[in-house]
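Here the structure is laid out as structure tokens; the discussion comes afterwards.
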Amino acid sequence: MYLKLNWALGKCKVVEFRAHTQRVLSVTFDRKRLATGSQDKTIKLWDLRNGNLLQTLKGHTKGVWCLSFFTKNLLVSGSYDGTLKVWNLKQGTTSRTLFGHEGPIWCMRRREHVVVSGSQDRTAKLWDISRSLLLHTLVGHSAAVFAVDIDEQGSLVVTGSADRSVRIWDTETGKCKKVIWVSQTTSIMSISYSHGFVACSHGDLISLYKVEKGKLVQTFHEHQKRIECLELRITDPDKVEGVMVSAGKDGMVKYWDLTQPKSVQTFEHGDQINCIHFDELRIACASYDHKIKICDFNV
């Protein structure tokens, strides 16, 4: 109960540290470690409790735009150099490099052993990361794929593109099941799927859709500049209850209760935010000012 109250009141301990020599492009964490990827081509792992640097991974030839822990000792990364890499954290080395995209990789999501990546080459690719195997290439978007997600069962992939559409794909067949034309003018920069709903950002707007019918449920408009990242957590699909965190070029991180028309809390980072990750305890933000900020509500 106190955690819920802390979120509602914005009561948290803020830890901020300089993470890289250039812009921080990606961030994720598990229970004990935080991983950050940067335009400086490196990945850094940090102790989530005290912010101490644990190790630095080098191998990508360009900026690192996406990260996901696979197991305790394996981390997956996607880069502007067009490759996915699987890192052995015990040895601090690359165990596998996956080639396939013909342009920069902007986004990636993992569900169990399945990874989906999105690229400037206008495709998304579905991989079995445990076997380093390309399962499907998802072809249909007419411009760069900036955002991807996978449903809880691993049966659907959701993609968002500069062609202004969101597409729903069958992971078994690799076929497109549905197209939602979200905007007439603006690229889809981020998407997040949760229990039958997808939230997507276009410009300074967030639109929430019910996937089955492709129906617009709600819009959120408080950000002053383009939204770069968001994450959705639906707790009751029937009542459309849940929470969402969004951030972007205005340097603002907003925490939303979907049952309320306005955001519950706004946290100011200062500089443009590229990426966020959150769970029930904390929000981590990656920024243009080379810094990571962690808001810990377990206080």
(request) Could you pull out every one of the strands (runs of 3 or more DSSP E) wholly within the range 11-64 that has 3 or more residues that are of a type outside the set (A, V, I, L, M, F, W, C)? (result) 13-18, 33-38, 42-47, 53-58
(request) Give the range 23-38 a look and list any residue that's open to solvent by less than 80 Å² (accessible area, probe 1.4 Å), closer than 18 Å to Gly270 by Cβ and not hydroxyl-bearing (Ser, Thr, Tyr), or say none. (result) Val24, Leu25, Val27
(request) Name, by its number, the condition in (1) at pLDDT below 95; (2) surrounded by fewer than 21 Cβ atoms within 10 Å (Cβ to Cβ) that does not hold for Asn274. (result) (2)
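Mind checking which residues of the range 239-286 are among the polar types (S, T, N, Q) and in contact with a Leu (Cβ under 7 Å, 6 or more places away or on another chain)?
Keep residues of the range 239-286 that are among the polar types (S, T, N, Q), which gives 246, 259-260, 263, 265-266, 272, 274.
Passing the criteria: Ser246, Asn274.
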(request) Output the number of residues of the range 1-18 satisfying the condition of being open to solvent by less than 40 Å² (accessible area, probe 1.4 Å) and more than 12 Å from Leu281 (Cβ to Cβ). (result) 2
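Collect the residues in the range 211-235 that are open to solvent by 40 Å² or more (accessible area, probe 1.4 Å) and either free of Cβ contacts under 8 Å to residues at least 40 places away in the same chain or touching an Asp or Glu at 6+ places or on another chain (Cβ under 7 Å) (or both), keeping them in residue-number order.
Of the residues in the range 211-235, the ones open to solvent by 40 Å² or more (accessible area, probe 1.4 Å) are 212-213, 215-219, 221-222, 224-226, 233, 235.
Residues satisfying the conditions are Glu212, Lys213, Lys215, Leu216, Val217, Thr219, His221, Gln224, Lys225, Arg226, Arg233, Thr235.
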(request) Give the residue that is nearest to Leu230 (Cα to Cα), with candidates limited to residues of the range 36-59 that are out of contact with any Lys or Arg (no Cβ under 7 Å at 6 or more places or on another chain) and touching a residue at least 24 places away in the same chain (Cβ under 8 Å). (result) Gly37
(request) Would you kindly identify the strands (runs of 3 or more DSSP E) lying entirely within the range 93-210 that contain at least 2 residues that are open to solvent by less than 20 Å² (accessible area, probe 1.4 Å) and touching a Gly at 6+ places or on another chain (Cβ under 9 Å)? (result) 105-111, 114-119, 123-128, 145-150, 156-161, 165-170, 188-194, 197-202
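For the range 244-256, enumerate the residues that are open to solvent by less than 40 Å² (accessible area, probe 1.4 Å) and either under 13 Å from Gln224 (Cβ atoms) or without any contact (Cβ under 8 Å) to a residue 60 or more places away in the chain (or both).
Met244, Val245, Ser246, Ala247, Gly248, Asp250, Gly251, Val253, Lys254, Trp256
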(request) Sort through Gly82, Gly51 and tell me the only one that's on the phi > 0 side of the Ramachandran plot and exposed (fewer than 15 other Cβ atoms within 10 Å of the Cβ). (result) Gly51
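So if I check each of Gln272, Gln260, which one is in contact (Cβ under 8 Å) with a residue 24 or more places away in the chain and not aromatic (Phe, Trp, Tyr)?
Values: Gln260 fails: in contact (Cβ under 8 Å) with a residue 24 or more places away in the chain.
One residue alone meets the criteria, Gln272.
The values are calculated or read from the model by the stated rules, or taken from the named source; none is laboratory data. Computed from a predicted structure; not experimentally measured. Cβ coordinates were reconstructed from backbone atoms using ideal geometry, including for glycine residues, and neighbour counts include every protein chain displayed. Quick note on the areas: whole protein, heavy atoms, side chains included, nothing else; ligands and nucleic acids left out. Shrake-Rupley method; radii C 1.70, N 1.55, O 1.52, S 1.80 Å.
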